[in-house]
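The values are calculated or read from the model by the stated rules, or taken from the named source; none is laboratory data. Given the structure is predicted, the values throughout are model-derived calculations rather than measurements. Note: ideal-geometry Cβ built from the backbone for every residue, glycine included; neighbour counts use all protein chains shown.
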Amino acid sequence: MRNSFCVSCISGDVMGTIGKTNRMDDKAVSPIIAIMLILAILVTSISVLASNWFPIVKKRAEIQHNKELTDKFLSIVTVYSTLNENRSSAMSIKLGGGDTFFSQTTTSSTLSVNQSGWINVSMECNDTSLLLTLKLFKVNLSIHNTLIPDQTFVFSEGGIKIFQYGKNITRLEPDIDKSIEFRDGVLYLRVDNLTSEPQEVSGNGIAFLRFKSNLNPNSGLYKNCTGSILVEDDVFNGEWDDVMIKLEENNPTVFSFNQNTNTLQILTQINVSLTIRDFDVQIQ
């Protein structure tokens, strides 16, 4: 019959339509899966970089900044050694650094000036009695890192010590052998005396360190002196001891050194040339 219902035809059409729909769905899903796979790879790659490569880059940046700070701090010696009486000199130090494109976190540092000890001078010279307490000083730079060990640099009396891992090394010897010496019957004593208050600045900005030196009015040549010189120095005390021990060994009738009290006794009358530089040290 012409109008008879063709079930098999309809069934075939439906199945064909379903097949086409499935193929269309497959085509739509495939790009999504590909994008998800790419995103997963990207996330994994970034995670690997963040946990391995980024810290290496950051560590290298901190090492480079530490080197730059070290070189800058060492230049204090040049500023100090060329500073004459009644003159001033300044330098800048960038406290922070070590940041990278991937990490804007910077290291920070602390710059400070403090008393490091004292020298007591007690002498009788002709008709003059001399009793002085002079303040030794130190400049500290403590670098606070995130990936490498912290370091502290200490400048005092022309020398530099570095503190790290609970130990310290002398990077540059101080000028103590020039601070106290005996020549041609004259004892030469040169002391840098801190007159300003202790100061400190911390952070990652730029700090300015200024030295100003003035000749102390007690400077001069004193004749026919006896008495004592006591030194306490928490940075270079051992170096002071070595110099004063040599003074006693080379001139046993003139000097006697007591290591227990860090005191040098002047046994016979000698002339003493005293040079005192008063230091005003400012940090801004």
Quick one: in region 133-149, which of the residues that are under 22 Å from Thr170 (Cβ atoms) and modelled with pLDDT under 85 is farthest from the chain's Cα centre (by Cα)?
-> Ile148
Tell me which of these Gly117 doesn't satisfy, since it passes every other one: (1) in contact with a helix residue (DSSP H, G or I) (Cβ under 8 Å, 6 or more places away or on another chain); (2) buried (at least 16 other Cβ atoms within 10 Å of the Cβ); (3) more than 18 Å from Trp240 (Cβ to Cβ).
-> (3)
How about region 198-266: which strands (runs of 3 or more DSSP E) wholly inside it have at least 2 residues that are farther than 24 Å from Leu83 by Cα and more than 34 Å from the chain's Cα centre (by Cα)?
-> 220-233, 255-258
From Thr261, Thr226, grab the single residue that is surrounded by fewer than 19 Cβ atoms within 10 Å (Cβ to Cβ), farther than 28 Å from Leu172 by Cα and out of contact with any Leu (no Cβ under 6 Å at 6 or more places or on another chain).
-> Thr226
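Farther than 24 Å from Lys212 by Cα, modelled with pLDDT of 95 or more, among the aliphatic types (A, V, I, L, M) and loosely packed, with under 15 Cβ neighbours inside 10 Å, is that true of Ile270? Before you say what the answer is, go through the steps one by one.
Details: farther than 24 Å from Lys212 by Cα: yes; modelled with pLDDT of 95 or more: yes; among the aliphatic types (A, V, I, L, M): yes; loosely packed, with under 15 Cβ neighbours inside 10 Å: no.
Criteria not met by Ile270.
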Flag if Ser213 is modelled with pLDDT under 95, in contact with a Lys or Arg (Cβ under 7 Å, 6 or more places away or on another chain) and not β-branched (Val, Ile, Thr) = yes
Per the filter on region 65-96, residues in contact with a strand residue (DSSP E or B) (Cβ under 8 Å, 6 or more places away or on another chain), part of a helix (DSSP H, G or I) and at pLDDT 80 or above are Glu68, Leu69, Thr70, Lys72, Phe73, Leu74, Ser75, Ile76, Val77, Val79, Tyr80
Could you grab the pairs with beta carbons closer than 7 Å, sequence gap of 6+ or different chains, first residue in region 216-227 and at positive phi, second one outside any strand (DSSP E or B) and not aromatic (Phe, Trp, Tyr)?
-> Asn224/Asn126
